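The values are calculated or read from the model by the stated rules, or taken from the named source; none is laboratory data. In this text, all values refer to a predicted model and were calculated from it rather than measured experimentally. Methodologically, a virtual Cβ is constructed for each residue, glycine included, from the backbone with ideal geometry; neighbour enumeration extends over all protein chains shown.
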Amino acid sequence: MSLDVWNPTTGSREVVRLSPSELGKVKPWEYLLRFFFGGLVTAAVGLVAHRFGPAVAGVFAAFPSILPAALTLVTRHDGRASAAEDSRGACFGAVGLLAFALVVHAAAGRWPAWLTLATSFVAWAVVSVGTWALAVRLRRHHRASGRSGRRPARART
Amino acid sequence: MWSELVVRFVAGGLIVSAFAAASELMKPKSLAGIFGAAPSVALVTLGLGFSQQGPAYVAAEAGTMMRGAVALLVSAAAAVWLVRTERVPAVAAALGTWAIWLAMAFALVGVPP
């Protein structure tokens with residue numbers, strides 16, 4: 001079963017798709033691997049915080065805990081082209097993560113903890129999807145202008 | 001100390017797994033890839049920071065987290081190139097992504113605010 005979602009960049013209902021059946025393709029050990037790595041990295045950041053303080057621990061809060069595992073698993077399941085697309089998406093997510101940190105930095109102490117984290121998470125989602133949508137639109141515009149800007153072939157006389 | 005590490009391990013593992021599952025659900029892959037840079041470790045780290053150390057501590061963490069996010073942007077861009085290079089195995093590309101992030105992060109830690 002798949003659910004088509006409206007894509008703000010094109011106005012079409014077919015570009016962004018949610019496919020719950022994809023979850024079945026992932027093997028249990030792959031879920032366990034992600035759980036283990038995610039847990040290990042998060043616990044390690046806790047140790048870093050105890051040893052080196054918040055300034056160093058803050059840097060490690062942006063440690064790539066999902067991307068490398070996703071990279072190997074997507075390459076295995078869908079090939080290198082899909083893994084490259086996945087990594088390109090992580091670039092937009094990283095821009096969103098910058099917005100997340102900015103909002104937490106500005107709001108911590110002014111707003112309650114739950115509101116700070118919820119707002120910064122929304123900021124991550126909006127900026128990530130927004131930069132992705134902008135990139136899609138720019139790529140389409142670039143392709144379209146490339147086609148229209150091409151000189152017509154000179155007729156042979 | 002140990003109980004806190006266990007909480008971090010379980011919470012971090014669950015959040016990372018949830019974001020990874022969300023990424024699997026979504027097409028196209030370039031959009032699903034945003035979950036590769038989801039604030040999974042950050043939500044647990046900053047959440048526990050709020051409850052145990054207070055907002056000033058969390059603000060300090062978030063301030064330097066921006067440098068980590070810049071390092072993540074660079075390492076994700078490098079991952080695009082690494083994974084496209086046929087002679088680089090996927091596992092080596094993943095390890096390379098970590099290495100680039102670590103190099104960038106250590107370089108940026110030394111930069112004054």
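Screening B:G13 on (1) over 15 Å from the mean Cα position of the chain (by Cα); (2) under 29 Å from A:P112 (Cα atoms); (3) buried (at least 24 other Cβ atoms within 10 Å of the Cβ); (4) not β-branched (V, I, T) shows it passes everything except condition (1). Any chance segment A:83-101 includes a residue that's surrounded by fewer than 24 Cβ atoms within 10 Å (Cβ to Cβ), over 11 Å from the mean Cα position of the chain (by Cα) and not aliphatic (A, V, I, L, M)? No, there is no match, as no residue in segment A:83-101 is surrounded by fewer than 24 Cβ atoms within 10 Å (Cβ to Cβ), over 11 Å from the mean Cα position of the chain (by Cα) and not aliphatic (A, V, I, L, M).
Taken together, the residues in segment B:77-95 that are under 17 Å from the mean Cα position of the chain (by Cα) and within 19 Å of B:I34 (Cα to Cα) amount to 6. Looking across B:A69, B:A78, one residue alone is surrounded by 17 or more Cβ atoms within 10 Å (Cβ to Cβ), within 7 Å of another protein chain (Cβ to nearest Cβ) and either assigned to a helix (DSSP H, G or I) or in contact with a strand residue (DSSP E or B) (Cβ under 9 Å, 6 or more places away or on another chain) (or both). It is B:A69. Checked against the criterion of being under 13 Å from the mean Cα position of the chain (by Cα), among the hydrophobic types (A, V, I, L, M, F, W, C) and surrounded by 15 or more Cβ atoms within 10 Å (Cβ to Cβ), the candidates A:A125, A:A106 yield just one match: A:A125. Within segment B:8-27, residues that are facing chain A (nearest Cβ under 7 Å) and without any contact (Cβ under 8 Å) to a residue 24 or more places away in the chain sit with their Cβ atoms under 7 Å from residues that are of a type in the set (V, I, T) and surrounded by fewer than 21 Cβ atoms within 10 Å (Cβ to Cβ), at 6+ positions apart or across chains, in these pairs: B:E24/A:V26.
Summed over segment A:104-124, the residues that are in contact (Cβ under 8 Å) with a residue 12 or more places away in the chain and either at the interface with chain B (Cβ under 8 Å from one of its Cβ atoms) or outside any helix (DSSP H, G or I) (or both) give a count of 6. A residue that is surrounded by 11 or more Cβ atoms within 10 Å (Cβ to Cβ) and modelled with pLDDT of 85 or more occurs somewhere in segment A:138-147. The single condition from (1) within 7 Å of another protein chain (Cβ to nearest Cβ); (2) surrounded by 19 or more Cβ atoms within 10 Å (Cβ to Cβ) that A:L73 fails is (1).
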